[in-house]
Each structure stands twice: as C-alpha cells, then as structure tokens.
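Undergrad: One structure coming up, written as structure tokens, with questions to follow.
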Amino acid sequence: MSEVRQHALSILRESLDRQDAEFKEHQWEAISAVVEKRQRLLVVQRTGWGKSAVYFIATRILRERGAGPTIILSPLLALMRNQIDSARSYGVRLGTINSSNEKESNEATKNALLANELDAVIISPERLANQEFADEVLPQIANRVGLLVIDEAHCISDWGHDFRPDYKRIVNILKSLPRNLPVVATTATANQRVMEDVSAQLGDEIEVLRGQLTRKSIQLQSISFPKRSQRLAWLADTLPKLQGTGIIYATTTRDAEMVADWLKKRGIKVAAYHSGDGFNNKAGLQRKLELEEALLSNDLKALVATSALGMGYDKPDLSFVIHYQSPGSVVSYYQQVGRAGRGIPKAYGVLLSGDEDKDIQEYFIQQAFPKSGVVDEILAVLDASDDGCTVAEVCASVNAKAGKVGQALKFLAAESPAPILVQGRPRRYKRTLRDYTLPHSRISYLCERKQREWERMQEYLEHQGCSMQFLAQELDDDETTACGRCQGCHPAGALSREYMHETAVAAAEFIENQVIKIMPRRKAGTKTNVAHRWPEYQFENYFGKLEHEVGRALCRWGEAGWGEIVMKGKRRGKLDPRLVKAAEKLIRRRWKPDPVPAWVAYVPSVSHPKQVPDFAKKLAHKLGIPCIDVVKKLKSNSPQKKMENTHHRCRNLDGVFSVEGKLPDGPVLLVDDAVDSGWTFAVIGALLRLAGSGPVFPFAIVSTATRN
C-alpha cells in the first residue's frame with residue numbers, strides 16, 4: 001500500500017472512529033485521481049456511497065501539501081448544515097456562504113477564506129450570481145484554489161432531472177481558475193446523456209468513475225390508491241407497525257401540511273417540512289434545523305416533506321421513505337427513496353399514487369420554464385430603465401407572479417451570452433447590449449422530455465419485474481441484477497395494502513372538514529408604492545383597524561367532495577343547492593366566528609349577477625340573519641384571476657367597489673363564491689369598516705388559490 005493511500009485510509013478511520021474501516025469501491029481511486037494526478041473527475045455513485053469522504057480526505061491531504069482552500073459548490077442547505085461537523089471529523093475547517101446565513105456570518109466566512117484560515121468553503125450556486133463575490137472574492141483566491149468540488153453535478157445539465165440555471169455559471173468560473181486545478185463533480189442521479197453533457201461542459205479530459213446504483217437494503221413497493229382518503233387511511237394504519245423513523249414525501253406544500261395534520265390527529269408524532277409559508281424566512285430556517293434534528297434524534301416518527309428535504313439530508317438509519325404521491329420522474333424517485341437504509345440492513349421504500357398525480361405533474365411541467373411573453377415584457381422594462389430594476393419594480397410593470405418574474409430573471413442572467421446582469425444589494429437587474437431570443441426549440445424539447453419521464457414513472461408503477469433494477473437501468477446502469485427484495489422479486493415480503501374501514505371513513509371526514517383559512521392582507525403597500533397602487537382609495541401602508549378577520553372557505557377547487565361539486569356546478573352555471581347547508585354547517589359547527597355575525601353582505605359580480613346574491617340570501621336565511629345589499633360595483637374591471645401579482649391585483653381593484661346605505665349594527669359575514677389572492681375581501685372589508693361596520697368575516701364557497 002502506497003504511503004499516500006495509507007495516510008488517506010488513516011484519515012478515513014479517524015473520521016469514522018473505526019480502525020477496521022476500508023474504502024468503498026472507487027473511493028481511493030477518486031482520491032488518488034485528485035491528489036496524485038490532479039485530474040478532473042465525474043463521480044457517479046449511489047446515494048450513501050460516501051462522496052463527501054472523497055473530497056474531504058483529498059482536501060486534508062492537499063492542504064497538508066500547501067495547497068489553497070477547496071471550493072465546494074452545492075445547492076443543498078441541509079448538506080451545508082450537516083457537513084461542518086462531518087468536515088471537522090476529517091480535520092477540515094469548513095465554512096459556508098449562502099443566502100440563509102446572516103450577512104455577518106457570510107462576511108466572517110469570506111474574511112476567513114481570504115485570510116487562508118479555512119480549508120474548504122461550501123458556496124451555494126446563486127452566490128456565483130452575486131457581483132460582490134465575483135468581483136471581490138473570487139479574483140483574490142482564484143490562483144490558489146486547491147480543489148473545486150461540484151456537488152449534485154447533474155444540475156449543470158439541461159437534461160438533468162433537477163437542472164438549475166445558476167449551475168450554468170460554473171463553466172465560466174472554471175475559465176478563471178488554474179488549468180491544472182483538480183475538479184471533482186459528484187452525483188447519484190446521472191444517466192448516460194447527463195454524464196456526457198456534464199463531461200462536455202467540464203472538459204474532454206474528465207475521467208468518469210461510476211459504480212452500480214442498486215441499493216440492496218431498500219425493499220421497494222408501489223401501491224395505487226386513487227383517493228386521498230385511502231392513502232391517509234393506509235398511512236395511519238401502517239406507520240405504527242413500522243420500526244424506526246422515516247420520511248413521507250408529498251408533492252405539494254399543501255399536501256405535506258394536510259398529511260401531517262391528519263397523522264397528528266391519529267396520534268402519530270410527525271411534522272410538516274417544506275419551503276412555503278412559515279418556512280421561508282429566518283425563523284422558518286431555524287424551524288427546519290430543529291425538525292431535521294428532531295428526526296435525527298428519533299423524536300419524530302416521520303417528517304412529512306416536499307422535495308425541500310432531499311439531497312444532502314443524511315440519517316443512516318432511516319427505516320422507510322414513503323411517497324404520498326408520485327414524483328415526476330424515475331430519477332427523482334431514486335434520489336428521494338435513496339435516503340432510506342443507508343446504514344441499516346433493511347428499509348422500506350413505498351410509492352403511493354393517486355388520481356391527482358397527473359394534474360400536479362402537468363402543472364409543474366407547464367411552469368418549468370419562463371414564458372416568452374413574460375420574458376419579452378421583462379426585457380422591455382429593463383430596456384427602458386437606466387439604473388436597472390428590482391424584482392418588485394419589474395412586477396409593477398409586468399403582470400406576472402413575483403416567483404415567475406424571479407425565475408425568468410434568474411434564467412436570463414444565467415444564459416450565455418447573458419441579456420441581463422445582476423448588481424448590488426438589493427439585486428438590480430440591468431439590460432446588456434446582447435440581442436436575445438428565448439430558445440423555444442430547446443425548451444420545447446425539454447418539456448417533451450419531462451413528459452416522457454413522467455410516462456416512464458407510470459411504467460415503473462405498473463412494472464411487474466424487479467423495481468430496483470428498473471430504477472438502476474433508468475440511470476443507464478445495465479450491469480445491475482435483480483435485488484431479491486422488492487415486491488416484484490419477493491411479493492410475500494411486501495407491506496400489506498389493507499387499512500381499516502373505520503380509518504378510511506375518518507380520513508374522508510377529515511378531508512371534507514379541513515380548515516381553509518382566508519387570512520387578512522395586513523399591508524396595503526409600502527411607503528414607496530402604496531399611493532401608486534391605490535390612487536383612488538388612498539389606503540395607508542397598513543390596513544390596521546380596516547383589516548378583516550380570519551375567514552373561511554368551504555372547499556378547494558376540484559378536490560374530492562365539495563370541491564368537485566363546486567367545479568361541476570360552476571361549469572354548468574348553477575351552484576348545487578346542497579352547498580348552502582354545507583356552508584351553514586361549517587359556520588355554525590366548525591368555524592364559530594366570534595363575535596357571531598349579525599348580518600350578511602356579498603360581493604357583487606357583473607359576469608354572474610344572480611349567483612352570489614342568491615347564495616348569500618339563502619345562507620342568511622339558514623343562519624337566521626338579514627342579508628343586506630350594501631356593496632356596489634362602480635365600474636368594470638378585469639377578472640382578478642387574470643392578475644398575476646400583488647401590484648396588478650391592487651390596481652385592478654382600486655375604485656371598483658363602494659359601500660352605500662345605512663349599515664346594520666354588529667359583525668358582518670361577507671360572502672363571495674370564490675377566493676384566490678384574497679385582495680377583493682381585503683378591499684371590501686376595509687370599505688365596510690370605513691363605513692362603520694363591525695368586524696368583517698369573509699366566507700367563500702371555494703378557494704381557487706394555485707396549488708403549491
């Protein structure tokens with residue numbers, strides 16, 4: 001054994017605190033390629049193989065030889081948090097620079113990096129778009145970087161399942177680094193096309209180390225339950241029978257919250273984990289840390305998570321990964337189910353599927369790339385600006401959701417050559433002199449490929465052979481053999497598909513009785529834009545005392561139960577009369593607004609002048625209170641559902657409604673047929689309060705808010 005290999009092995013054993021530890025297949029070969037041959041390397045290995053051991057050991061040896069720090073590019077906040085302690089076990093001083101850190105923390109890491117006090121730093125790809133980092137930090141360390149690591153390298157490729165525009169900057173970063181700089185690109189989810197694309201972008205001389213992708217510890221199984229209530233019942237009855245802890249994946253934020261609420265009601269200790277409301281600020285990031293630690297410490301039976309908990313989260317003894325809905329591709333599924341069974345001999349990977357899966361995935365495919373109309377409008381706005389624009393300033397002129405505007409700006413800034421550039425904090429986007437046309441043919445092809453991936457996912461669900469072999473072969477690992485554990489290989493070992501009838505009834509009632517809150521809009525605008533939003537109403541920055549109470553919606557558009565009934569009724573132009581009784585039941589028995597509404601008002605409509613008044617009058621009669629026609633529509637406006645962002649929604653409502661006549665005393669129930677953004681309720685609620693009404697309680701028959 002060479003002296004270098006012996007030293008590398010001693011570092012491995014020291015980190016694991018096991019003197020009998022040995023390198024896994026290809027680990028030493030990867031370390032040697034970097035340390036001794038200074039090669040560029042693409043490492044494609046299964047989840048849990050130990051890719052971080054390769055680059056931490058290589059970093060330790062290179063630093064001992066006098067090399068500069070390692071730069072690790074990773075999109076994974078969970079990885080960043082977990083890896084600091086891991087790096088320390090290898091004798092590597094690691095820092096992180098990412099958007100979730102405090103500014104002072106990023107600044108301290110940057111200074112330590114420039115002072116050569118760190119052995120390695122993990123940087124999120126979006127930092128490559130930060131002009132300060134590109135201009136001030138990178139040039140000072142470029143000539144002394146010891147190693148570049150590109151984690152989750154499939155994100156570089158247009159063909160990768162998790163393509164990210166910021167990763168496209170890496171190729172340009174490489175041009176500013178020494179030509180003989182060793183590079184390690186790692187991934188567990190790259191088929192041959194992705195490998196070829198990554199190799200082409202990182203250089204022809206790149207070497208590929210690829211292992212078999214079969215995970216022998218995971219027992220795979222697929223179960224089709226068309227209804228949500230069936231899946232909820234199965235989860236409630238099955239989870240208590242499973243040993244250990246795990247992850248339950250849901251495709252949307254809303255479903256993650258719903259599944260977690262249901263399981264908690266059934267006495268199972270779980271928590272929701274996602275990147276939606278409540279998790280997308282500083283307190284939310286801290287909450288994520290606490291939940292990750294709770295699962296690591298086995299204080300929870302499971303986290304019910306979206307893909308926000310995925311690559312980078314490492315708990316070796318996870319005994320199950322269950323999918324409440326089907327992911328969009330076999331490759332995504334392999335990546336997520338691979339969280340299970342890394343350090344234990346047996347774990348379950350169960351894929352549940354339902355009727356809503358197709359609609360969800362079609363929505364995701366449609367939203368995957370920016371639309372040409374939005375791009376053209378954005379470029380026109382930037383063309384007209386001398387100083388560039390923030391996202392908020394672009395949204396004031398472009399009728400698109402802020403998320404879509406941000407997605408389009410990120411996409412454009414990562415193009416090469418780029419039609420826009422990013423400067424300053426807050427970020428301002430400026431137009432360059434480059435002519436630009438959205439690459440329609442490439443986007444069309446990629447969307448078609450995503451559709452084919454979804455179709456392959458459906459084939460996996462129906463596959464009668466070895467499930468693990470199917471996954472591996474989808475990643476072009478053709479040397480794999482049957483696993484002997486999955487439902488195709490060993491049906492007798494599969495989990496039971498049965499659940500109790502009583503549990504299914506309770507699950508159906510739970511779905512029907514979900515609390516759908518209509519939250520008040522607290523901010524009418526900011527000091528700089530409120531007057532521009534409300535030139536007629538002249539609202540202040542905050543609604544304050546004009547704010548309505550927390551309201552309720554009976555159901556969600558198209559969902560099982562009342563949601564389906566509302567959708568069918570809307571399409572034939574007549575609401576089902578049973579909705580009145582259902583609304584009364586919700587208000588009296590489940591919601592119980594306090595103080596109790598003394599009268600009913602309703603939102604007038606030009607397109608459906610009788611529908612809402614008729615419903616409101618019948619509901620008022622059921623509740624035993626009067627219905628008063630006090631809200632008037634003064635002028636026509638565009639349908640609110642066509643307004644994509646807050647600025648346009650507010651401008652579209654300014655001056656549209658008024659409150660006329662004498663108002664009865666007491667709280668009011670304000671009724672509309674549908675609620676989406678909630679701005680119509682916010683405006684009319686404020687006008688009612690200005691006119692002297694009591695507390696305003698909004699009620700909508702259906703919520704049409706976009707699934708997230």
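The values are calculated or read from the model by the stated rules, or taken from the named source; none is laboratory data. Predicted, not measured: the structure shown is a model, and the values here were computed from it. In this analysis, Cβ positions are derived from the backbone assuming ideal geometry, glycine residues included, and neighbour counts consider all displayed protein chains.
Undergrad: Quick one: would you say ALA620 is in a helix (DSSP H, G or I), touching a Leu at 6+ places or on another chain (Cβ under 9 Å) and assigned by TED's automatic domain parsing to the domain that holds TRP534?
TA: Working: in a helix (DSSP H, G or I): yes; touching a Leu at 6+ places or on another chain (Cβ under 9 Å): yes; assigned by TED's automatic domain parsing to the domain that holds TRP534: yes.
So ALA620 passes the test.
Undergrad: Considering (1) within 30 Å of LYS265 (Cβ to Cβ); (2) modelled with pLDDT under 95; (3) in a loop (DSSP other than H, G, I, E, B), say which one PRO520 fails and leave the rest.
TA: (2)
Okay, residues lined up against (1) in contact with a strand residue (DSSP E or B) (Cβ under 8 Å, 6 or more places away or on another chain); (2) touching a residue at least 40 places away in the same chain (Cβ under 8 Å); (3) in the same structural domain as LEU433 (by TED's automatic domain parsing):
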| residue | (1), (2), (3) |
| --- | --- |
| LYS346 | yes, yes, no |
| VAL350 | yes, yes, no |
| TYR363 | no, yes, no |
| GLU377 | no, no, yes |
| VAL381 | yes, no, yes |
| SER385 | yes, yes, yes |
| CYS389 | yes, yes, yes |
| CYS395 | no, yes, yes |
| ASN399 | no, yes, yes |
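Undergrad: A further question follows. Does LYS227 satisfy being surrounded by fewer than 18 Cβ atoms within 10 Å (Cβ to Cβ), under 17 Å from ASP317 (Cα atoms) and either within 28 Å of the chain's Cα centre (by Cα) or touching a residue at least 40 places away in the same chain (Cβ under 8 Å) (or both)?
TA: Answer is no for this residue.
Undergrad: Another question about this same structure. Name the residue, out of ARG571, ARG578, ARG590, that is of a type in the set (D, E, K, R), over 28 Å from LYS632 (Cβ atoms) and touching a residue at least 40 places away in the same chain (Cβ under 8 Å). Explain how you work it out, then say what you get.
TA: On the way: ARG571 fails: touching a residue at least 40 places away in the same chain (Cβ under 8 Å); ARG578 fails: touching a residue at least 40 places away in the same chain (Cβ under 8 Å).
One residue alone meets the criteria, ARG590.
Undergrad: Could you tell me which of the residues LYS315, LYS265 is touching a residue at least 60 places away in the same chain (Cβ under 8 Å) and either crowded, with 18+ Cβ neighbours inside 10 Å or assigned by TED's automatic domain parsing to the domain that holds TRP49 (or both)?
TA: Testing whether each residue is touching a residue at least 60 places away in the same chain (Cβ under 8 Å) and either crowded, with 18+ Cβ neighbours inside 10 Å or assigned by TED's automatic domain parsing to the domain that holds TRP49 (or both) leaves just LYS315.
Undergrad: Examine segment 269-276 for a residue that is in contact (Cβ under 8 Å) with a residue 40 or more places away in the chain and not in a loop (DSSP other than H, G, I, E, B), and state whether such a residue exists. Steps first, answer last, please.
TA: Quick first cut of segment 269-276, residues in contact (Cβ under 8 Å) with a residue 40 or more places away in the chain only: 276.
Restricting the remaining residues to those that are not in a loop (DSSP other than H, G, I, E, B) gives none.
For segment 269-276, residues in contact (Cβ under 8 Å) with a residue 40 or more places away in the chain and not in a loop (DSSP other than H, G, I, E, B): absent.
Undergrad: Residues that are modelled with pLDDT under 75: list the helices (runs of 4 or more DSSP H) wholly contained in segment 64-177 that include at least 1 such residues.
TA: On the way: elements: 77-89, 103-114, 138-141, 169-175.
Filter on segment 64-177 gives 77-89, 103-114, 169-175.
Undergrad: Here's something else I'd like to know. Looking only at segment 468-494, filter to residues that are assigned to a loop (DSSP other than H, G, I, E, B) and acidic (Asp, Glu); which one of those is farthest from TRP454 (Cα to Cα)?
TA: GLU479
Undergrad: Filter segment 251-268 down to the residues that are of a type outside the set (Lys, Arg) and not in a loop (DSSP other than H, G, I, E, B) and list them by number.
TA: Matches in segment 251-268: THR253, ASP255, ALA256, GLU257, MET258, VAL259, ALA260, ASP261, TRP262, LEU263.
Undergrad: Got at least one residue in segment 624-637 being of a type in the set (Gly, Ala, Ser) and either surrounded by 14 or more Cβ atoms within 10 Å (Cβ to Cβ) or in contact (Cβ under 8 Å) with a residue 40 or more places away in the chain (or both)? Give the steps one after another, and end with the answer.
TA: Initially, segment 624-637 is screened for residues of a type in the set (Gly, Ala, Ser), giving 624, 636.
With the extra rule that they be either surrounded by 14 or more Cβ atoms within 10 Å (Cβ to Cβ) or in contact (Cβ under 8 Å) with a residue 40 or more places away in the chain (or both), the set shrinks to none.
No, because not a single residue in segment 624-637 is of a type in the set (Gly, Ala, Ser) and either surrounded by 14 or more Cβ atoms within 10 Å (Cβ to Cβ) or in contact (Cβ under 8 Å) with a residue 40 or more places away in the chain (or both).
Undergrad: Answer with yes or no whether ARG427 is within 30 Å of VAL375 (Cα to Cα), basic (Lys, Arg) and modelled with pLDDT under 90.
TA: On the way: within 30 Å of VAL375 (Cα to Cα): yes; basic (Lys, Arg): yes; modelled with pLDDT under 90: yes.
Yes, satisfied.
Undergrad: I'd like to know if segment 352-368 contains one or more residues that are of a type in the set (Phe, Trp, Tyr), closer than 27 Å to LEU446 by Cβ and assigned to a loop (DSSP other than H, G, I, E, B).
TA: Applying the first criterion (of a type in the set (Phe, Trp, Tyr)) to segment 352-368 yields 363-364.
Checking the rest, the ones that are also closer than 27 Å to LEU446 by Cβ come to 363-364.
Checking the rest, the ones that are also assigned to a loop (DSSP other than H, G, I, E, B) come to none.
No, because not a single residue in segment 352-368 is of a type in the set (Phe, Trp, Tyr), closer than 27 Å to LEU446 by Cβ and assigned to a loop (DSSP other than H, G, I, E, B).
Undergrad: Given the criteria farther than 25 Å from ILE170 by Cβ, under 20 Å from the mean Cα position of the chain (by Cα) and modelled with pLDDT of 90 or more, does ALA380 qualify?
TA: No; evaluated as a whole, the condition is false for this residue.
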